[in-house]
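*Asks:* Take this structure first; my questions come after.
The values are calculated or read from the model by the stated rules, or taken from the named source; none is laboratory data. All values reported here derive from a predicted model rather than from experimental measurement. Ideal geometry is used to build each Cβ from the backbone, glycine not excepted, and the neighbour counts take in all protein chains shown. These area figures cover heavy atoms from the full protein model, side chains too; ligands, DNA and RNA do not enter into them. Shrake-Rupley method; radii C 1.70, N 1.55, O 1.52, S 1.80 Å.
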Amino acid sequence: MTTVQNLIGGERVGDPELARHNPANPGEIVAVTPASDASAVHAAVSAAEQAQGAWAALPAPARGAILLDAADLLRSRHSQVAEDLSREEGKTLAEATGEVRRAIDVLRFFGSLAWQASGEVLPSAMPGTTIFTRREPVGVAALITPWNFPIAIPAWKMAPALVSGNAVVIKPAELTPLSVAHLSNALVEAGLPAGVLNVVHGTGSVAGDALARDPRVAALSFTGSTRVGLGLHTILSERRARVQLEMGGKNAYLILDDADPLAAAKVVAASAFSLTGQACTATSRVYCTPGIMEAFLTALAKEAEAFTMGPVVSEQQLAVDVSAIDVARAEGATVLTGGDVPSGQFLRPTVLTGLAHTSSVVRDEIFGPVVAVLGVDSYEEGLARVNDSRYGLTAGICTRDLTAAHHFAAHAQVGVVKVNRPTTGLDLNVPFGGVKDSSSNTFREQGTAALDFYTWSKTVYLGHE
Ligand code: NAD
């Protein structure tokens, strides 16, 4: 068991109060953390506020160098970090290792970007004048993160915030404190000045709420459920602070008759069951045209039965997953495969058929390894079903028809479209985010677009002789 304290102004503080258990072995306590109250959060924001000016005054490449050194440190200890991530979150060691590598690459990407010019030089209509723009840091950036990517999401928020000259206060998910501890330790050991990065552990309703309400927080980037995100939007918008929300999803895949049923089944299984279905980009509803339905379902059942997954993250999440399967059964659905919990928090990959389009199992986010397959008569009906959702994060289409693929790319109401590729799995150098109730749909995360949220543009008119 590891004690993970808060990091405030360079000091490790706070008494251990909240325990996190290993989802694969619930008897084992993995870590204990403080349950921070508002005063701890306010101290963290004060430390950030004090440290920010000097940090922003450093040359950008000096800030970037710290991110690059932190990447090297994480690389040197990545097996231990991946093991801890797997123990606290439950994903398989292979998945955890991939996520740690992603965090390392994110630090490298943004660390290197520090060498790139920001701002533009533009002509002016006024004689003897040059215009240039500067990207200014927002000041104190608050980050509130979920448990499902416990090191990658904090890294892809922290890195653009820090390299842009902001100070950060992060409130990580209660279930996964160790991963953020590894990330923050690497940054501190790489030379990040005290107070530039602060970590406060605790519950969302106390520590998260206090962080969102602190008027010195200029921008809040949140990833988590739509319910919590929309509440935060109200709090931040009331004081006209910046807010970036990436929230829930009910991601859909459309399988057309011309697709290869085996390839489509592999794509859907990876989309629905990797990371135990606990990815915001996971597919949980599939629409099939009639000619491929039977062959696709046979192949998908085989893929699901052979899939290796970690446990569900918590007893509460398992109860949500099992209850959705119970609702499906009560509505007369067929459980094609899975649907049972062979041991502990291990749910078998589950494929449901025979549900109505109106079923809550088809419409509401479950966030587990449960996928519903429904029939549609045509591409047009499939597209309409994909778009008939309050959410709009990702969607995919399996087809060899380029016209259909392009039409889908243009008309799917989502932030990320995948053609013949799983809805899960993103590259780090391209914008990511959703539309509708999946996102604030203002600023994108990842890639160079991520810098926009953490900076504001100033226009300078420079007169010369
Ligand atoms: P959650 O909303 O319960 O918690 C997310 C974070 O918010 C945690 O740190 C939590 O402590 C904090 N929080 C909770 N209540 C709060 C409050 N009242 N005020 C301030 N902070 C509060 O979500 P979760 O269960 O950790 O994660 C699962 C959800 O995250 C799913 O809905 C999933 O779709 C979503 N998610 C979305 C993306 C994306 O990029 N769109 C990525 C990953 C996860």
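*Asks:* When segment 201-246 is examined, which residues are found to be open to solvent by 10 Å² or more (accessible area, probe 1.4 Å) and in a loop (DSSP other than H, G, I, E, B)?
*Replies:* Those that are open to solvent by 10 Å² or more (accessible area, probe 1.4 Å) and in a loop (DSSP other than H, G, I, E, B): Thr203, Pro215, Arg216, Ala218, Gly224, Ser225, Arg239, Arg240, Ala241.
*Asks:* Also, quick follow-up: Within segment 369-412, which residues are polar (S, T, N, Q), assigned to a loop (DSSP other than H, G, I, E, B) and in contact with a Ser or Thr (Cβ under 8 Å, 6 or more places away or on another chain)?
*Replies:* Keep residues of segment 369-412 that are polar (S, T, N, Q), which gives 378, 387, 389, 394, 399, 403.
Filter again for assigned to a loop (DSSP other than H, G, I, E, B), leaving 378, 389, 399.
Ser378 - this is the single residue of segment 369-412 that is polar (S, T, N, Q), assigned to a loop (DSSP other than H, G, I, E, B) and in contact with a Ser or Thr (Cβ under 8 Å, 6 or more places away or on another chain).
*Asks:* Would you call Ala141 more than 16 Å from the ligand (Cβ to nearest atom), within 19 Å of Leu211 (Cβ to Cβ), aliphatic (A, V, I, L, M) and more than 15 Å from the chain's Cα centre (by Cα)?
*Replies:* Working: more than 16 Å from the ligand (Cβ to nearest atom): no; within 19 Å of Leu211 (Cβ to Cβ): yes; aliphatic (A, V, I, L, M): yes; more than 15 Å from the chain's Cα centre (by Cα): yes.
No; evaluated as a whole, the condition is false for this residue.
*Asks:* I'd like the full set of residues that are hydrophobic (A, V, I, L, M, F, W, C) and either in contact with a helix residue (DSSP H, G or I) (Cβ under 6 Å, 6 or more places away or on another chain) or in a strand (DSSP E or B) (or both), limited to segment 1-38.
*Replies:* Passing the criteria: Val4, Leu7, Ile8, Val13, Leu18, Ala19, Ile29, Val30, Ala31, Val32, Ala38.
*Asks:* Out of Ala125, Ala155, which single residue is within 16 Å of the ligand (Cβ to nearest atom) and out of contact with any strand residue (DSSP E or B) (no Cβ under 9 Å at 6 or more places or on another chain)? Spell out the reasoning first.
*Replies:* Values: Ala125 fails: within 16 Å of the ligand (Cβ to nearest atom).
Within the list Ala125, Ala155, the selection yields Ala155.
*Asks:* Taking segment 354-367 as the search range and keeping residues that are open to solvent by 10 Å² or more (accessible area, probe 1.4 Å) and touching a residue at least 40 places away in the same chain (Cβ under 8 Å), which one is farthest from the ligand (Cβ to nearest atom)? Break it down into steps so the answer makes sense when it comes.
*Replies:* Step one: of segment 354-367, the residues open to solvent by 10 Å² or more (accessible area, probe 1.4 Å) are 354-358, 360, 363-367.
Now drop any that are not touching a residue at least 40 places away in the same chain (Cβ under 8 Å), which leaves 363-367.
On the way: Arg363: 14, Asp364: 11, Glu365: 6, Ile366: 10, Phe367: 5 Å.
Residue satisfying both the conditions and the ranking: Arg363.
*Asks:* Filter segment 136-176 down to residues that are assigned to a helix (DSSP H, G or I) and either of a type in the set (Val, Ile, Thr) or closer than 14 Å to Asn198 by Cβ (or both), then give me how many there are. Give the derivation first.
*Replies:* Initially, segment 136-176 is screened for residues assigned to a helix (DSSP H, G or I), giving 152-163.
Among the residues that remain, those that are also either of a type in the set (Val, Ile, Thr) or closer than 14 Å to Asn198 by Cβ (or both) are: 153-154, 157-158, 161-163.
Summing the residues that are assigned to a helix (DSSP H, G or I) and either of a type in the set (Val, Ile, Thr) or closer than 14 Å to Asn198 by Cβ (or both) in segment 136-176 gives 7.
*Asks:* Looking at segment 62-96 only, could you name the residues that are out of contact with any Leu (no Cβ under 8 Å at 6 or more places or on another chain) and not in a helix (DSSP H, G or I)?
*Replies:* Let us first name the residues in segment 62-96 that are out of contact with any Leu (no Cβ under 8 Å at 6 or more places or on another chain), namely 62, 65, 69, 72-73, 75-80, 90, 92-94.
Within segment 62-96, Arg77, Gly90, Thr92 meet the criteria.
*Asks:* Check Thr133 against each of (1) in a helix (DSSP H, G or I); (2) open to solvent by less than 40 Å² (accessible area, probe 1.4 Å); (3) out of contact with any Leu (no Cβ under 7 Å at 6 or more places or on another chain) and name the one condition it does not meet.
*Replies:* Looking at each condition in turn, Thr133 falls short on (1).
*Asks:* Go through (1) within 14 Å of the ligand (Cβ to nearest atom); (2) open to solvent by 20 Å² or more (accessible area, probe 1.4 Å); (3) touching a Lys or Arg at 6+ places or on another chain (Cβ under 8 Å) one by one and return the number of the condition Pro177 breaks.
*Replies:* (2)
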